[in-house]
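Read through the structure below, which is laid out as structure tokens, and then see the notes.
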Amino acid sequence: MSAPTRHNEAWRYSDIAAVEAAWPLPAPERIIVPAGGTFARTIIQDSGLIHQLDIAIGKGATAAIHVLNIGGEYGRVELNVTLHEKADFTLGAVQIGGATQTLEVITTVTHAEPGATSSQIVRSVLAGTATGTYLGKVAVARDAQQTDSVQSVKAMLLDRSATANAKPELEIYADDVKCAHGCAIGELDAMGLFYLQARGITPAEAKKLMLQAFVAGVFEGAADEEALTEAALAKLGDLV
Amino acid sequence: MTDDIEIKDKAAWDAAEKVADYEHGWSSDIETDFAPKGLNEDTVRFISAKKNEPEWMLEWRLKAFAMWKTMEAPDWAKLNVPPIDYQDAYYYAAPKAKPKLNSLDEVDPEILRVYEKLGIPIAEQKLLAGVEGGEDGGLPQRRVAVDAVFDSVSVATTFRAELERAGVIFRSISEAIKEYPDLVRKYLGKIVPMHDNYFATLNCAVFSDGTFVYIPEGVRCPMELSTYFRINAENTGQFERTLIVADKGSYVSYLEGCTAPMRDENQLHAAVVELVALDDAEIKYSTVQNWYPGDAEGKGGIYNFVTKRALCQGRNSKVSWTQVETGSAVTWKYPSCVLNGENSVGEFYSVAVTNNHQQADTGTKMIHNGKGSRSTIVSKGISAGHSNNTYRGLVRVAPNAEGVRNFTQCDSLLLGSLSGAHTVPYIEVRNPSAQIEHEATTSKISDDQMFYAMARGLNAEEAVALIVNGFAKEVLQQLPMEFAVEAQKLLGISLEGSVG
Amino acid sequence: MLQINNLHANVGDKPILKGLTLSLNAGEIHAIMGPNGAGKSTLGYVLSGRPGYEVTEGSVTFNGQDLLALEPHERAAAGLFLGFQYPVEIPGVSNVQFLREALNAQRKYRGEAPLTGGEFLKVAREQAGALGMDMDMLKRPVNVGFSGGEKKRNEMVQMGIIDPALAILDETDSGLDIDALRTVGDGINRIMRKPDKAVLLITHYQRLLDYVKPDFVHVLADGRITRTGGADLALELERDGYKELAA
């Protein structure tokens with residue numbers, strides 16, 4: 001199989017040159033969470049790699065993935081998740097890019113059976129001419145009733161010509177489902193920045209604090225929550 | 001069934017069923033003038049010659065046809081369309097009308113009867129019949145000028161004189177090509193370029209007729225402009241071309257409504273609509289699309305591949321698209337706004353209903369190039385039966401577009417567990433000052449809602465119609481009043497048989 | 001301490017302040033009252049430097065410094081504190097972190113050594129305790145999930161910790177029940193009624209003035225001070241309304 005082009009939906013915003021250089025990719029890591037089991041993984045992408053995971057979550061099992069996507073010219077974390085009956089999946093992802101970085105989080109979350117739940121929170125902060133992309137598809141199969149799925153996608157651009165792309169996609173074939181997504185792209189709240197500055201905090205620090213607030217909570221529940229948060233704040237500090 | 005009329009005769013019963021299936025499912029017998037079946041350069045020349053077009057227009061068509069032959073049909077939509085045999089269709093059919101029509105009296109009474117069957121609002125019929133104003137002492141009658149497109153040729157235009165007094169040009173596009181060639185050439189193919197997409201290119205080559213509107217600087221069009229589309233001839237593709245130019249500070253509201261008689265063969269429709277709004281101009285474009293959707297088994301129905309795009313070129317220009325899509329077997333349609341003007345505004349309000357085996361892939365693109373440009377997208381998708389209903393949209397903000405705002409709301413309602421509801425929004429932002437918000441929800445009609453409505457005396461279908469109308473209200477209220485009433489009824493009709 | 005001279009300011013293109021002149025000396029508490037839309041909140045924002053509030057004419061000196069030449073955070077460091085009418089929620093940033101960063105940023109600006117974590121917590125605990133706020137609230141994200149009253153109380157805790165020379169309190173009494181009003185009033189007196197400090201209370205109603213007795217009351221109408229008096233003026237306003245006075 002040859003390397004994908006931009007015509008390939010899953011790679012439409014990718015750094016194609018970097019993808020070609022990395023091609024062919026090794027087979028995705030396969031993870032099977034047995035019925036009733038739990039699985040947790042933290043992915044810190046800080047060296048410009050393509051991570052591909054296929055995760056099958058068994059009946060009543062849970063899986064939680066936390067992603068910090070910050071390093072290299074091109075970094076991609078791609079998750080292909082299948083949920084069986086009453087399984088639960090959570091994703092908390094933060095990507096922070098500057099200069100000419102291209103960072104992507106790509107997910108396909110398939111609710112194959114009834115009663116499964118999924119929650120995805122993705123926050124991107126982009127500076128310079130960096131590109132941050134979230135392509136997230138939630139697919140609900142014909143009989144996967146009582147699906148409950150949310151996607152919360154937010155991006156913050158710090159410079160003109162930084163790019164945020166988002167495609168929170170729903171493909172739904174069952175009627176008794178609760179699927180919602182919200183996506184917001186914008187700049188830091190001016191009133192919040194003023195409030196911080198009115199308390200004596202410098203503009204740069206105020207910006208950093210607001211960005212901290214922006215990514216807050218994404219790593220909640222991760223085993224290494226503090227380390228992740230610290231690494232995220234350090235990267236934010238570099239950008240501001 | 002609780003009908004108190006007992007129908008014993010099987011054939012009569014079937015016939016009754018068939019009629020009930022599709023209200024507008026009849027065909028009138030008007031003699032038709034066909035172009036030979038099939039599509040080649042000669043077809044293009046035939047159409048152009050039939051319309052006495054100038055040489056530049058023929059060349060333009062031929063160029064498009066050559067281009068089209070090298071192109072492939074797009075396959076990215078969530079649609080399952082069998083291969084279309086473009087050689088197995090007629091590309092031109094004109095009702096045999098008198099060579100020149102100056103008033104409605106001269107229109108074939110058969111055609112007028114068709115409009116009556118279509119349920120053109122009473123007020124409008126009065127107007128069509130030349131009755132001015134409303135004597136009933138009720139609401140002041142709104143005035144609507146109709147450019148009727150019957151199959152492929154515009155047969156009559158009303159209120160031409162009054163519009164002309166205001167300086168408004170309201171013509172069939174074939175007339176406009178001859179009468180206002182400079183104006184047409186300036187804009188034709190400039191908003192939707194010839195190479196834009198497979199269906200648009202095809203339209204460039206074989207478009208049969210359509211509407212041209214020009215509103216001069218500072219003019220508020222004195223009445224709503226309206227075109228009724230009908231597809232009537234068997235196996236005839238319909239390739240309408242519409243061009244509306246709103247000059248500085250002008251305003252126009254344009255209504256487009258469609259129904260089609262029942263046919264077993266799939267009919268191809270590939271229209272192109274181009275809108276241009278200059279400084280401070282506003283265009284409101286409303287559509288109710290109720291073409292034949294095919295039968296309950298998915299047989300027949302219109303294939304509707306439409307390219308609609310508006311260029312908000314001027315400062316503070318505004319284009320508002322409102323569509324109620326209930327018909328067609330396949331809908332592929334993305335009325336869009338290119339917001340080049342500073343503080344320009346784009347709006348897209350859509351209700352798309354699919355039932356039985358209908359497929360709709362529809363949405364919008366808002367391309368923000370102008371500073372301070374704003375857009376609003378409200379999409380309500382309703383899926384019933386075995387149908388699939390997709391919202392596909394793009395919001396793009398260019399690096400130099402400061403202060404852009406977009407709000408998008410996409411809601412899907414599923415009726416029954418055999419349909420599909422899909423949302424595919426693309427968001428691409430390159431300016432930090434943009435504020436882009438997108439929300440999507442998916443829901444079904446709850447048992448509680450149904451029970452509540454039925455406990456108040458509604459039957460299941462009435463209850464569904466009521467709840468669906470509530471779901472779509474935000475969009476329906478954007479429509480001009482009598483259109484809104486028609487659209488409300490349509491939603492109910494389209495969903496018949498989807499419950500119980 | 002604060003001299004405002006012929007101040008004109010616009011919000012967007014709209015002139016709001018139209019020649020406001022006012023002087024505050026150390027040790028004084030002033031109340032500015034006036035009908036809605038008179039420009040009361042604008043005055044607070046202009047003095048603290050909110051972006052979008054443009055001074056078109058006039059001057060403001062604060063302890064001899066040109067206040068208008070300073071950035072918002074520099075004004076804070078110079079000793080000016082704005083109590084917000086609608087304190088902003090900042091999820092993910094705890095009160096403690098926020099206030100410590102704020103206080104130390106101000107100290108740094110003034111060339112003072114930063115407080116250690118221990119020193120800071122001691123001050124924070126004292127101030128929170130005095131205003132009946134428990135430490136758990138201090139650990140919560142700034143204003144997130146706080147009731148209206150809690151937000152206002154939090155503003156007072158911040159004022160206590162930052163210990164400014166001049167406090168401009170914008171509708172600090174709005175949204176408070178009678179007990180909270182007393183607590184906040186006591187807080188203002190305790191923190192700010194000192195010979196080297198001054199307070200500018202911006203309020204629509206006189207009820208806060210039952211707890212914080214002003215030395216001067218000014219009426220702000222249509223962007224200007226139209227009348228100045230003692231504490232009695234507030235009562236008069238309460239009784240007769242603003243219309244009478246403007247006439």
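The values are calculated or read from the model by the stated rules, or taken from the named source; none is laboratory data. All values derive from a computational prediction rather than experimental measurement. Here the Cβ positions follow ideal geometry from the backbone for every residue, glycine too, while neighbour counts run over all protein chains shown.
For the structure I just gave you, tell me whether C:G160 is at negative phi, more than 14 Å from chain A (Cβ to nearest Cβ) and under 17 Å from the mean Cα position of the chain (by Cα).
No, not satisfied.
Would you point out which residue out of C:L103, C:L99 is within 12 Å of chain A (Cβ to nearest Cβ), touching a residue at least 60 places away in the same chain (Cβ under 8 Å) and either within 21 Å of C:Y45 (Cβ to Cβ) or in a helix (DSSP H, G or I) (or both)?
From the options C:L103, C:L99, the qualifying one is C:L99.
Going through the range A:181-194 one residue at a time, which ones are over 16 Å from the mean Cα position of the chain (by Cα) and either at the interface with chain B (Cβ under 7 Å from one of its Cβ atoms) or not in a loop (DSSP other than H, G, I, E, B) (or both)?
A:G186, A:E187, A:A190, A:M191, A:G192, A:L193, A:F194 - these are the residues of the range A:181-194 that are over 16 Å from the mean Cα position of the chain (by Cα) and either at the interface with chain B (Cβ under 7 Å from one of its Cβ atoms) or not in a loop (DSSP other than H, G, I, E, B) (or both).
Can you confirm whether the range C:204-225 contains a residue that is of a type in the set (S, T, N, Q) and either modelled with pLDDT of 85 or more or assigned to a strand (DSSP E or B) (or both)? Full working, then the answer.
Of all residues in the range C:204-225, those of a type in the set (S, T, N, Q) come to C:206.
Within this subset, residues satisfying the condition of being either modelled with pLDDT of 85 or more or assigned to a strand (DSSP E or B) (or both) are none.
The answer is no, given that none of the residues of the range C:204-225 is of a type in the set (S, T, N, Q) and either modelled with pLDDT of 85 or more or assigned to a strand (DSSP E or B) (or both).
Please list, ordered by first then second residue, the pairs with beta carbon atoms under 7 Å, 6 or more apart or interchain, first in the range A:216-230 and of a type in the set (S, T, Y), second surrounded by 15 or more Cβ atoms within 10 Å (Cβ to Cβ).
These pairs meet every condition: A:T229/A:F219.
Restricting to the range B:416-433, what's the tally of residues that are at the interface with chain A (Cβ under 7 Å from one of its Cβ atoms) and part of a loop (DSSP other than H, G, I, E, B)?
Number of matching residues: 6.
Residues of the range C:51-76 being more than 19 Å from C:Y109 (Cβ to Cβ) and either within 14 Å of another protein chain (Cβ to nearest Cβ) or under 12 Å from the mean Cα position of the chain (by Cα) (or both), which ones?
Selection gives C:P51, C:G52, C:Y53.
Have a look at C:L200, C:L233 and point out the one that is modelled with pLDDT of 90 or more and either over 19 Å from the mean Cα position of the chain (by Cα) or assigned to a strand (DSSP E or B) (or both). Spell out how you get there, then give the answer.
Details: C:L233 fails: modelled with pLDDT of 90 or more.
Going through C:L200, C:L233 in turn, just one is modelled with pLDDT of 90 or more and either over 19 Å from the mean Cα position of the chain (by Cα) or assigned to a strand (DSSP E or B) (or both): C:L200.
Determine which single condition B:A384 fails, assuming it passes every other condition in (1) crowded, with 22+ Cβ neighbours inside 10 Å; (2) within 12 Å of chain A (Cβ to nearest Cβ); (3) out of contact with any helix residue (DSSP H, G or I) (no Cβ under 9 Å at 6 or more places or on another chain).
(3)
Among (1) loosely packed, with under 13 Cβ neighbours inside 10 Å; (2) modelled with pLDDT of 90 or more; (3) within 24 Å of the chain's Cα centre (by Cα), there is one condition B:R61 misses while meeting the rest; what is its number?
(1)
Among the residues of the range A:153-179, how many are over 28 Å from A:L236 (Cβ atoms) and surrounded by fewer than 19 Cβ atoms within 10 Å (Cβ to Cβ)?
2
With surrounded by fewer than 18 Cβ atoms within 10 Å (Cβ to Cβ), among the polar types (S, T, N, Q) and touching a residue at least 24 places away in the same chain (Cβ under 8 Å) as the only criterion, which of A:T117, A:T102, A:T42, A:T108 stands out?
Matching residue, one of A:T117, A:T102, A:T42, A:T108: A:T42.
Rundown of residues vs (1) touching a residue at least 24 places away in the same chain (Cβ under 8 Å); (2) surrounded by fewer than 23 Cβ atoms within 10 Å (Cβ to Cβ); (3) assigned to a strand (DSSP E or B), yes/no style:
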{"position": "B:T287", "(1), (2), (3)": "yes, no, yes"}
{"position": "B:P293", "(1), (2), (3)": "yes, no, no"}
{"position": "B:G298", "(1), (2), (3)": "yes, yes, no"}
{"position": "B:A310", "(1), (2), (3)": "yes, no, yes"}
{"position": "B:R315", "(1), (2), (3)": "yes, yes, no"}
{"position": "B:W321", "(1), (2), (3)": "yes, no, yes"}
{"position": "B:S328", "(1), (2), (3)": "yes, no, no"}
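Conditions first: (1) under 16 Å from B:Y391 (Cβ atoms); (2) touching a residue at least 40 places away in the same chain (Cβ under 8 Å); (3) of a type in the set (S, T, N, Q). B:T362 passes all but one, so which condition is the exception?
If we test B:T362 against (1) under 16 Å from B:Y391 (Cβ atoms); (2) touching a residue at least 40 places away in the same chain (Cβ under 8 Å); (3) of a type in the set (S, T, N, Q), just (2) comes out false.
State whether the residues of the range B:434-445 include one that is outside any strand (DSSP E or B) and under 17 Å from A:A180 (Cα atoms).
yes
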